């Protein structure tokens, strides 16, 4: 178990010690999730994943109609809203 101590600044900021950052592979601009359980604080790094890794994660509910068909449908709906005087 890695342990280390850090001090909270007057702005409420804390530096994560290098040994902890290295152990958890925390890099600049990574996000952290803070969870309070009773009088304990638990910090979890949020792992970002490239969008391409999520491809196929959910089943398709219907076939993709294509860009042209979608653009025509959106244009039709916008035209109907404008004809009714809606913004």
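Read-outs throughout are calculated quantities, based only on the coordinates presented, and are distinct from any laboratory measurement. Since this is a predicted model, take the numbers as computed values, not measurements.
Among the listed values (1) 6.6; (2) 12.6; (3) 12.0, the one matching mean projected area of the Cα convex hull in nm² as calculated from this structure is (2).
Axis angle, to the nearest 10 degrees, between helix 67-83 and the longest C-alpha principal axis of the chain: 70 degrees. Per residue of the chain, the DSSP helices (runs of n ≥ 4 H) give a summed -39500 (n - 2.57) that works out to -8500 deg cm²/dmol at 222 nm.
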